[in-house]
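Take a look at the structure below.
The values are calculated or read from the model by the stated rules, or taken from the named source; none is laboratory data. As the structure is a computational prediction, the values presented were derived from the model and not from experiment. Here the Cβ positions follow ideal geometry from the backbone for every residue, glycine too, while neighbour counts run over all protein chains shown. In case anyone asks, the SASA skips ligands and DNA or RNA and just uses the protein heavy atoms, side chains included. Shrake-Rupley method; radii C 1.70, N 1.55, O 1.52, S 1.80 Å.
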Amino acid sequence: MSEKEKYLQDLKEIKDMMSRSSKFISLSGLSGISAGVIALIGAFLAYRFVYTDQLFLGYRSITLTQDKALILIGLALAVVTLALAFGVYFTGKAAKQKQQSLWNEQSKRLLINLFIPLITGGLLCLILLSKGFIGMVAPLTLIFYGLALVNASKYTLTDIRSLGLIEIALGLVSIYFIGYGLLFWAIGFGVLHIIYGIVMKIKYGA
């Protein structure tokens with residue numbers, strides 16, 4: 001190896017070291033897969049509960065009573081809680097394998113930048129739900145989730161940014177086909193998470 005090649009190799013190693021120290025790189029593919037499976041189960045339960053006596057591929061129209069709204073909110077919270085629990089578990093295992101702490105400055109920055117758009121979108125969806133704009137809820141959750149991923153991607157693996165952009169695009173398409181919100185929600189939070197998790201597992205072995 002020439003002196004120049006050795007110098008370039010040293011620079012690459014320093015750059016990689018700085019990147020690892022400034023980014024949280026212990027995301028787990030299994031956390032994405034588990035989140036996707038949980039989301040699909042939640043979407044199926046919501047579908048069975050809300051859409052009764054309608055064609056499976058027909059245009060969805062519902063009248064959401066207060067009781068139904070509360071049940072759906074409870075179901076959504078259960079899905080989020082389970083997905084987060086599995087995510088923390090699998091990400092913790094990945095961090096341990098890479099000898100990286102699960103809770104450090106990198107993960108703090110990641111979570112702060114992730115939750116600002118998520119909380120904003122969640123509050124907006126609750127307001128819209130209370131005003132009767134039911135059809136906007138599913139598309140907006142996809143859009144704000146996508147924005148959250150793009151915002152957080154600066155502090156973790158760049159693959160997150162690609163997933164976020166796809167979620168945003170899917171949310172915009174969902175607004176156009178507003179009667180199929182639950183179907184798009186299942187694709188965005190279920191199918192895309194599973195695909196993302198598989199890709200992460202293959203690419204990084206996590």
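Kindly establish whether VAL88 is open to solvent by 60 Å² or more (accessible area, probe 1.4 Å) and either touching a residue at least 40 places away in the same chain (Cβ under 8 Å) or in a helix (DSSP H, G or I) (or both). Judged against the criteria, VAL88 is a match.
Just to be sure, is THR158 under 15 Å from the mean Cα position of the chain (by Cα), hydroxyl-bearing (Ser, Thr, Tyr) and surrounded by 15 or more Cβ atoms within 10 Å (Cβ to Cβ)? When the stated conditions are applied, THR158 does not pass them.
For every residue, the table says whether it meets (1) open to solvent by 50 Å² or more (accessible area, probe 1.4 Å); (2) at pLDDT 85 or above.
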site	(1), (2)
VAL79	no, yes
CYS125	no, yes
LEU128	no, yes
LYS131	yes, no
VAL137	no, yes
PHE144	no, yes
TYR176	yes, yes
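For the range 157-174, state whether one or more residues are over 16 Å from VAL80 (Cα atoms), at pLDDT 85 or above and of a type in the set (Ser, Thr, Tyr).
Within the range 157-174, one or more residues are over 16 Å from VAL80 (Cα atoms), at pLDDT 85 or above and of a type in the set (Ser, Thr, Tyr).
One residue stands out among those in the range 13-35 that are closer than 14 Å to PHE90 by Cα, in a helix (DSSP H, G or I) and of a type outside the set (A, V, I, L, M, F, W, C): the one that is modelled with the highest pLDDT, which is SER34.
Taken as a whole, the structure places GLY188 among residues that are closer than 21 Å to LEU77 by Cβ, in contact with a helix residue (DSSP H, G or I) (Cβ under 6 Å, 6 or more places away or on another chain) and free of Cβ contacts under 8 Å to residues at least 60 places away in the same chain.
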